[in-house]
Every structure is written in C-alpha cells, then in structure tokens.
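Written below as structure tokens is the structure these notes are about.
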Amino acid sequence: MKKKNNRPLFPSIRAAFLCSLLCSTAVLVLTPAIGWAQHTEHGTQNSAPSVGNAAIAFDLKSMDGSSVGLATFRGKPLIMNFFASWCDPCREEMPLINEIAARSGKDGYAVLGIAVEDSRAAIMQYAQEAKLVFPIGLDLNSTVKRAYRIFGPPATFFIDAQGTIRDVVIGPMTAERAREGLKKAGATL
C-alpha cells in the first residue's frame, strides 16, 4: 500500500527492520570483545601480561644470530626492555638501562633488550653507537610486542627468577623506578 506521495504506508516497518539489522550486527561484533574482556578478567591466555602473572615465553634471534628467549634467563631476575632506535624516550632512558645491565652480573640479574618496530641494520648501528652491553632480541615482526600488548616503546617488564612479572613500567623509566622494579623482581642490589 502506498500513499499518494509514494511513501510507504508503514514507515515503522522499515525502521524496525533496520533497527533489528543493526542490533544483530552489534551483537555479532561485540560478543567476541565481551568474551575477550571476560577472559582477561579471569587471567586466561588471552589476557595481557600483568603483575602477578607468568611472563609469556618467546624465542627471538639476537643480533649475532643466536636464539634468545625468556627461558634463556630462567633462574634469575630479568629486566626486559622494549625499545627502538628511532624512539626518543628510549634513547633518553638507554644510558640507565645500559648502566643497570653493566651491574647485572655482580648483582645476580639479567637484562634483555627487545628491539621492536625497527630494522636489523638500524638496531645494530644504534647498539654500536650507544655501546649497549646487554643482549638484544630482534622482534622484527612485532610478535613479542603484540603478545605483551605493547602499543609502542619504551616499556620495561621486571620478571622474577620463576618467570612471574613483578613490575611493569610503560614509558620512560627513572633510576628510582628501576631500583623499585629490581627489588620487586628479587634482585639483590
């Protein structure tokens, strides 16, 4: 049935249909997100690594081609720093990370750099320029970055000898914050 002006007689049927379609689409789109939020709340594998949870295992190639991963450092506290050569805040905190790494052998902990969003050549040049004294894992395809839910560098995880995350610093780190993280991870200072 149509009126004289060619409009449908029952416009509410069209509106009801569109509303129904939009609501159905929203349910299909939002259900996985709601499920993810519930999984995150209960600490399943889909959750972001956080304080008190186990660090996510990984295996990367280091700059010399050897394999480096979380298991490499099992049994001692680990400072894991995500960085990039082009990142100004990373460059600002790197002397501190390097200083912490220089003391790591005598203080019984380890430092691992994870290069993200960068090229192998740029990282190698930066490591030489900054005289970095710790191993660097090359996360060239951002697999580890995504697993740790890092949006961008810098980010630092303090992991205890059993592989549990004890502290996290997102963004640049201060010396005081680094000491606090080391203590939480069980490093002797």
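Estimated from the Cβ-Cβ distance and a Förster radius of 41 angstrom, the FRET efficiency linking E99 and Q162 is about 0.95. All distinct Cα pairs of segment 59-184 go into the 1/r average, and the inverse of that average, the Kirkwood radius, is 14.3 Å.
Only Lys, Arg, Asp and Glu carry charge here, each on its Cβ (+1 for the first two, -1 for the last two); on that basis segment 59-184 has a dipole of about 380 debye about its Cα centre. Structure note, pairs K61/K184; K76/K106; K145/K183; K76/K183: Cα-Cα distances above 20 angstrom occur for K61/K184; K145/K183. Placing dummy labels 7 Å off each Cα toward the beta-carbon, the span from Q128 to I170 is 3.6 nm.
Only the coordinates and a few stated rules stand behind these numbers; no lab work does. For clarity, every value in this text was computed on a predicted model and none was experimentally measured. Cβ atoms come from the backbone with ideal geometry, glycine included; neighbour counts cover every protein chain shown.
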